[in-house]
Each structure stands twice: as C-alpha cells, then as structure tokens.
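Attaching a single structure in structure tokens format; questions to follow.
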Amino acid sequence: MKSFRKEIIMNIPTRRDYVNITPQVRECLRESGIREGLCLVNPMHITASVFINDDEDGLHFDYDQWLEKIAPHEPVSGYRHNRTGEDNADAHMKRQVMGREVVVAVTNGKLDFGTWEQIFYGEFDGGRQKRVLVKIIGE
Amino acid sequence: MKSFRKEIIMNIPTRRDYVNITPQVRECLRESGIREGLCLVNPMHITASVFINDDEDGLHFDYDQWLEKIAPHEPVSGYRHNRTGEDNADAHMKRQVMGREVVVAVTNGKLDFGTWEQIFYGEFDGGRQKRVLVKIIGE
Amino acid sequence: MKSFRKEIIMNIPTRRDYVNITPQVRECLRESGIREGLCLVNPMHITASVFINDDEDGLHFDYDQWLEKIAPHEPVSGYRHNRTGEDNADAHMKRQVMGREVVVAVTNGKLDFGTWEQIFYGEFDGGRQKRVLVKIIGE
C-alpha cells in the first residue's frame with residue numbers, strides 16, 4: 001500500500017467564499033502515482049468545508065444566501081460561542097450543513113467522477129491563512 | 001491491496017424519492033471478495049445523495065417534507081442558479097443537507113453495520129438515468 | 001495492508017449531548033499500530049452523529065439550540081415516523097445535518113489534525129447504550 005499527503009494553502013480575503021480546488025487535488029493524485037484507492041480531502045480547520053458540487057457561480061451565490069438564512073451571522077450576541085471573543089459561531093454551523101470532508105474514489109490514476117462533480121473549498125470565516133489536507137492511499 | 005469498482009444504475013421517474021440500495025452494495029462486496037477494508041458509495045451526480053438511515057416509509061415522508069421546508073423548490077425564480085435554464089437549485093441544497101457519500105467499514109467480508117443501518121439513494125432531481133459508484137478497497 | 005476494528009460504548013443518560021471521543025479514537029490508533037492510512041469513525045445507530053468540530057461548551061449549546069430550531073422535537077405528532085410508536089423522528093433529522101461519520105487521515109501514527117479539530121459523538125436520542133465503530137486501515 002502506498003500513501004501520499006499534501007497540504008493546499010488557502011488565503012481567502014473575504015469572510016465567505018467558494019473555491020474550486022479540483023486542479024490542486026488532481027495534481028496531488030498525479031504526484032502520488034496511486035492508480036487505485038481512496039482520496040480524502042478536508043480542511044484542517046473547523047469553520048470551513050470541503051464539498052463536491054457544481055462549478056456554477058449562480059449556485060454558489062444561492063448557497064451563500066441559503067446558509068446565511070439557516071445560520072445567520074447576526075446577531076453575533078445570539079450565539080453563546082461568541083462570548084469567547086469570537087464572532088464566528090455561524091461559521092461552525094454553516095460548515096456542518098456543507099460537511100467537513102469528501103472521500104473520492106481513485107480509478108486508473110484518476111478521480112473517479114461524474115460529469116459535473118468538482119471539489120470546492122467553502123470558507124465561512126476567512127481573512128486568515130488556512131490549510132486543506134489531501135491524503136491518498138492505495139496502489 | 002485489492003480494489004473493486006462498480007456502478008449501480010438508478011432510474012427514478014419522480015422528482016424526489018428514497019431507495020434502499022443496501023442489497024446492491026452487499027452484492028458488490030460479495031463480488032469483490034474483499035474481507036477487510038472500506039467501502040465508499042456515492043452518486044456520480046450533484047443533485048442526489050447517498051446516506052445511511054432507517055428503512056421506514058414514514059421517516060422518508062418526513063425527510064421529504066422537512067427538506068422541502070429547508071430548501072423549497074418554489075419559487076424557482078428565487079434561485080440564481082435557475083437562470084441557467086435549470087429548475088433544480090433546491091436539489092443542490094437538499095443534497096448538501098443529506099450528504100454526498102457514505103464510507104462503510106468492511107469486516108469479515110460484511111458491511112459492518114448496526115441493527116438499523118441501511119444505505120439509501122436520495123434523488124432530488126429525477127426523471128433521468130443516474131449512476132451510483134461503489135468503490136471498495138482492502139484485502 | 002493492516003486493519004483494526006473496535007467499538008466504543010456510549011451511555012448518554014439525557015436525550016441529547018455532545019461528547020469528545022478523541023482520546024478513545026487515539027487509543028484505538030495506538031493499539032492498531034497503523035502509521036499511514038485512514039480512520040473511519042461512525043455511530044452504529046441512526047439517531048446519533050460523529051462529527052469534527054471545536055471542544056467549546058458554548059458552541060455545543062449553540063449547536064443544540066440551532067438543531068432544535070431546524071428540526072424540533074415537538075410536536076411529536078408532526079412526524080409520520082412517530083406513528084410507529086417512536087418519538088425520535090427529529091433525531092433522524094438532526095443526525096443528517098451533523099453527518100453520520102468522519103474519515104480522518106493517519107500520518108506517522110497520528111490523527112492528522114489541525115489545531116482545533118476534535119472528534120465528537122452527538123447523541124440525539126439517548127437513554128440507551130449505543131456503540132461507535134472505529135475502523136482503521138493502512139500500514
């Protein structure tokens with residue numbers, strides 16, 4: 001069994017954003033030389049998400065509006081977590097709705113994806129550098 | 001390390017439905033001959049979900065009502081994604097709430113499940129053929 | 001390839017609670033002797049969740065309030081599932097929002113975590129003994 005590990009560095013200047021990281025994950029897979037296995041991708045942070053969906057700007061706008069409705073940022077004082085001095089409790093909720101991680105099949109040296117599947121980093125508390133972990137195991 | 005890959009074909013005539021695919025996944029595991037490992041199951045589409053829960057019709061009715069409340073189909077014009085000519089933005093939301101994929105432990109050649117765990121395909125934009133990927137790695 | 005399996009027993013006296021199980025998962029990893037691979041952690045039950053987030057009491061309070069708003073326990077008669085004699089339909093919803101399972105990278109014999117990542121068991125229908133499965137594969 002082979003294993004491969006790499007971190008992708010994210011710098012999102014705004015509070016929230018959705019970035020397609022499929023090219024970086026593909027590059028990791030190529031570097032790994034693994035042909036058959038599983039590829040795990042997750043943020044190493046708890047106010048961000050890695051998810052698979054469509055690379056369509058309108059949809060990302062919709063996600064953002066929808067997540068803000070389900071778990072609004074304001075009022076900041078409405079969350080007990082924010083008494084710690086943070087203002088990001090909503091980001092911890094948004095990340096749970098979108099999920100932490102994805103596990104992708106690796107077949108014939110490629111991400112085994114349907115036509116529209118793309119991997120996104122979802123940032124819900126930006127303005128600082130963050131890391132995304134790519135771990136691939138297989139042969 | 002062994003690996004196994006197979007697609008399950010889904011044809012859901014209605015917009016939304018919840019189908020127990022545990023028998024098909026069990027059959028994949030039997031075919032694979034893998035005794036210890038991990039089994040990934042995911043739709044190869046972005047408006048569907050694979051999730052694990054209870055095989056109880058009332059619960060599926062409840063999920064459907066609840067998801068429609070959290071991310072309503074109408075008004076179709078309320079989503080920017082639908083300006084692309086689609087009417088399925090809500091399906092992209094519903095899929096995130098239910099999750100994309102499941103990873104199941106394989107032990108002694110069986111899906112390592114508790115009493116009530118069953119694998120479901122959740123369709124949120126049916127009326128076309130779709131594929132579910134089963135990837136198993138192990139020994 | 002090596003594989004390791006162990007169950008963690010949970011006894012939550014209240015209906016809902018959030019318990020840090022990172023020490024138990026670390027102990028499993030140590031026992032397994034696996035240095036590079038993937039670690040799956042999931043409840044073997046369908047009204048509980050395993051998720052990764054912050055070990056901060058205020059946040060857990062916020063999660064609980066927020067989940068109760070998204071999928072309220074009352075009125076019990078508002079869910080068709082509860083006609084089976086159960087009163088836990090809301091727990092099946094809450095578990096989907098928080099997710100079933102986590103998959104964690106294993107690197108150099110450790111859980112490959114960012115600073116704040118911790119593994120939690122989320123109970124949404126307590127008062128009975130439950131099991132959490134830890135399955136680790138790798139080398």
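Within 16 Å of the chain's Cα centre (by Cα) and more than 7 Å from every other protein chain (Cβ to nearest Cβ): does that describe B:T115?
no
Quick check on my filter: what residues within the range A:93-139 are of a type outside the set (A, V, I, L, M) and assigned to a helix (DSSP H, G or I)?
Answer for the range A:93-139, where residues must be of a type outside the set (A, V, I, L, M) and assigned to a helix (DSSP H, G or I): A:K94, A:R95, A:Q96.
Restricting attention to the range B:24-50, which residues are more than 27 Å from B:F124 (Cα to Cα) and among the hydroxyl-bearing types (S, T, Y)?
B:S32
Something else now. So, in the range B:12-28, how many residues would count as being open to solvent by 10 Å² or more (accessible area, probe 1.4 Å), in a helix (DSSP H, G or I) and touching a strand residue (DSSP E or B) at 6+ places or on another chain (Cβ under 8 Å)?
So the answer is 2.
Which of the residues that make up the range B:117-129 are in contact with a Ser or Thr (Cβ under 9 Å, 6 or more places away or on another chain) and at negative phi?
B:E117, B:Q118, B:I119, B:F120, B:Y121, B:G122, B:E123, B:F124, B:D125, B:G126 - these are the residues of the range B:117-129 that are in contact with a Ser or Thr (Cβ under 9 Å, 6 or more places away or on another chain) and at negative phi.
Here are some residues: B:E68, B:E31. Which one is modelled with pLDDT of 95 or more and more than 28 Å from A:I137 (Cβ to Cβ)?
B:E68
Evaluate the following for C:L38: is it open to solvent by less than 40 Å² (accessible area, probe 1.4 Å), closer than 22 Å to A:A48 by Cβ and free of Cβ contacts under 8 Å to residues at least 60 places away in the same chain?
Judged against the criteria, C:L38 is not a match.
Now, a different point. Out of all the residues in the range A:97-139, which are farther than 30 Å from A:Q65 by Cβ, in contact (Cβ under 8 Å) with a residue 40 or more places away in the chain and open to solvent by 10 Å² or more (accessible area, probe 1.4 Å)?
A:T107, A:N108, A:G109, A:K110, A:E139
Still on this structure, please answer the following. Would you mind stating whether A:N53 is open to solvent by 20 Å² or more (accessible area, probe 1.4 Å), under 12 Å from the mean Cα position of the chain (by Cα) and more than 10 Å from chain C (Cβ to nearest Cβ)?
Here the answer is no, as A:N53 does not meet what is asked.
Among the residues of the range B:56-71, count how many are touching a Lys or Arg at 6+ places or on another chain (Cβ under 7 Å), open to solvent by 20 Å² or more (accessible area, probe 1.4 Å) and facing chain C (nearest Cβ under 9 Å).
Summing the residues that are touching a Lys or Arg at 6+ places or on another chain (Cβ under 7 Å), open to solvent by 20 Å² or more (accessible area, probe 1.4 Å) and facing chain C (nearest Cβ under 9 Å) in the range B:56-71 gives 1.
For the range A:77-92, enumerate the residues that are over 18 Å from A:D17 (Cα atoms), in a loop (DSSP other than H, G, I, E, B) and open to solvent by less than 20 Å² (accessible area, probe 1.4 Å).
none
Answer yes or no: is there a residue in the range B:51-74 that is of a type in the set (D, E, K, R), in a strand (DSSP E or B) and in contact (Cβ under 8 Å) with a residue 60 or more places away in the chain.
no
Taking the condition surrounded by fewer than 17 Cβ atoms within 10 Å (Cβ to Cβ), within 19 Å of C:A105 (Cα to Cα) and more than 8 Å from every other protein chain (Cβ to nearest Cβ), does A:E74 pass?
no
Please find, among B:E139, B:E101, the residue that is within 14 Å of chain C (Cβ to nearest Cβ), closer than 18 Å to A:A105 by Cβ, touching a Gly at 6+ places or on another chain (Cβ under 8 Å) and of a type in the set (D, E).
From the options B:E139, B:E101, the qualifying one is B:E139.
While we're here: Please determine, by comparing only the residues of the range A:1-18 that are of a type in the set (K, R) and within 30 Å of A:G37 (Cα to Cα), which one is farthest from the chain's Cα centre (by Cα).
Filtering the range A:1-18 for residues that are of a type in the set (K, R) and within 30 Å of A:G37 (Cα to Cα), the one farthest from the chain's Cα centre (by Cα) comes out as A:K2.
The values are calculated or read from the model by the stated rules, or taken from the named source; none is laboratory data. Worth saying up front: this structure is predicted, and the values here are computed from it rather than measured. Cβ coordinates were reconstructed from backbone atoms using ideal geometry, including for glycine residues, and neighbour counts include every protein chain displayed. SASA here: full protein model, heavy atoms, side chains in, ligands and nucleic acids out. Shrake-Rupley method; radii C 1.70, N 1.55, O 1.52, S 1.80 Å.
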